[in-house]
């Protein structure tokens, strides 16, 4: 097997709760449980449902887990099920069954990360039988999100800017509540195009739009109040006025 080439400068990061690297890492001895738990963190991070959850079938269909757990037992799906059961028994995941009578059915079981918010959601689902939210298509280079199926701001940031810190996460949450999803995507797109991969720059664009209005035709070739180039220069000048001149 060829050695891993290393992490390049464009590598994205997935948040992992700190206890995973302490007491949980000490306790977990089973490779299936470890791989399922780590892969589950990555898969759940990319979900857009609220709360974020995955079905057993989604774990069973995951190619990384299927390849990673094909040896030595040979039955990768059985290993995935066993890893899920161990992770849920340990308390890493919460397992919700829409119909308790159908235990073991792949599309009936849903897994949530065992957090404060998800425990509250889990209790509501158990008590009220809340319907499971519809799944969104995964974000990829070949799928164009519909206007009401946009990536959340954390995904936008991590896929276009870099690693997310807890302090910045609070700012991003506020921005997601304050600005329309279309504005967020457009502002990130401008920042990437202008090679200004900074939340300060993106926030400056959003503040300007909030103060002056945003012409939705500016960036799709339709007529607008100002040419696209002129507007981007305004955002750059505003950024440099606030934070100092930076090289392009």
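Applying the selection to region 53-73, what residues are crowded, with 20+ Cβ neighbours inside 10 Å and either at pLDDT below 90 or in contact with a strand residue (DSSP E or B) (Cβ under 8 Å, 6 or more places away or on another chain) (or both)? Spell out how you get there, then give the answer.
First, pick out the residues of region 53-73 that are crowded, with 20+ Cβ neighbours inside 10 Å: 53-54, 56, 59, 62, 65, 69.
Matches in region 53-73: 53, 54, 56, 59.
Which count do you get for residues in region 88-109 that are closer than 22 Å to residue 78 by Cβ, modelled with pLDDT under 90 and out of contact with any helix residue (DSSP H, G or I) (no Cβ under 7 Å at 6 or more places or on another chain)?
Qualifying residue count for the region: 5.
What helices (runs of 4 or more DSSP H), lying completely within region 160-237, carry at least 2 residues that are over 25 Å from residue 14 (Cβ atoms), modelled with pLDDT of 60 or more and over 20 Å from the mean Cα position of the chain (by Cα)?
The helices (runs of 4 or more DSSP H) meeting that bar are 181-193, 199-212.
Scan region 15-23 and give yes if some residue there is at pLDDT below 85 and under 18 Å from the mean Cα position of the chain (by Cα), otherwise no. If you could, list the steps in order and put the result at the bottom.
Taking region 15-23 first, the residues at pLDDT below 85 are 15.
Right, trim to under 18 Å from the mean Cα position of the chain (by Cα) and you get 15.
Yes, region 15-23 has at least one match.
Could you list, in sequence order, the residues of region 148-159 that are surrounded by 16 or more Cβ atoms within 10 Å (Cβ to Cβ), at pLDDT below 85 and assigned to a helix (DSSP H, G or I)? Please lay out each step first, then the result.
Let us first name the residues in region 148-159 that are surrounded by 16 or more Cβ atoms within 10 Å (Cβ to Cβ), namely 150-158.
This time we only want the ones that are at pLDDT below 85, so: 150-156, 158.
Hits for region 148-159 are 153, 154, 155, 156, 158.
The values are calculated or read from the model by the stated rules, or taken from the named source; none is laboratory data. All figures in this text were calculated on a predicted structure; none of them were measured in a lab. As a convention, Cβ positions derive from the backbone with ideal geometry for all residues, glycine included, and neighbour counts pool all protein chains shown.
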